[in-house]
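Written below as structure tokens is the structure these notes are about.
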Amino acid sequence: MKADTLTIKARGWFDMADADKNGVITVDDFSLMADRIVREFPHADPKKIAAVKEAFADDWRRLAERADTNMDGQITREEFEAAVKAATPDDYSKATKRQVAEFEIADVDGDGVLSHHELARLLKAEGLDETSAFSVAAILDTDGDGVISKEEWEAASRKYFTGDDPFAGLLQRAVSSV
Ligand SMILES: [Ca+2]
Ligand SMILES: [Ca+2]
Ligand SMILES: [Ca+2]
């Protein structure tokens, strides 16, 4: 990946992760992101809701371990960008608990795949506008069969973090316009 692509992505990820927009990433941002998803899917199985909350708490702990250099419970933009630059592709090679939990809660009809509509609801809960959410769903449906399979979701999550891919920019624009 090109260095400038990584910097642009790191900025976009920071803005996404700083959910309460107070300029630093803390545990509160991760609870807020989890709450937004849960609010979008209030009738989900309580186990799926618990899994989303736990996955976000877990993601916070993993990020803090890696990025909160001075251990004050806040990750600044500088700390975050340094951590992103120090990360190796291996750090993103496996689907995280969060990706799995997000997929599960968004699969409202429980058929094991996400319709474009189901995925768009998840993405909107994560801050995308309607148009961007459906564009991203179409991009992630790589075989064009009308649904996003677990494999497509995991491949997309990997590519989002490691590739010079087109939809990282799309996501960033969508998020920065919120
Ligand atoms: Ca924040
Ligand atoms: Ca489904
Ligand atoms: Ca598909």
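Just so it is clear, none of the values below were taken in a lab; they were calculated from the coordinates. Remember, predicted model here, so these are calculated numbers, not experimental data. Using ideal geometry, Cβ is built from the backbone for each residue, glycine included, and neighbour counts are taken over all protein chains shown.
The table below lists the values:
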| quantity | calculated |
| --- | --- |
| Whole-Hz couplings from phi, Karplus 6.51/-1.76/1.60, listed for region 18-30; x for Gly and Pro | 7, 5, 8, 6, 9, x, 9, 9, 9, 4, 4, 5, 5 |
| Summed side-chain charge close to Lys48 - residues other than Lys48 whose Cβ falls under 11 Å, Lys, Arg +1, Asp, Glu -1 | -3 |
| Amide H partners (placed H, <5 Å) of Ser115, local residues excluded | Ile148 |
| Compactness of region 3-176 as Cα Rg over 2.2 N^0.38 Å, two decimals | 0.99 |
| Net charge of neighbours whose Cβ lies under 12 Å from the Cβ of Lys124, counting Lys and Arg as +1 and Asp and Glu as -1 | -2 |
| Phi to ³J(HN,Hα) by Karplus 6.51 cos²θ - 1.76 cosθ + 1.60 over region 46-58, Hz, x for Gly, Pro | x, 5, 5, 5, 4, 5, 5, 4, 5, 5, 5, 4, 5 |
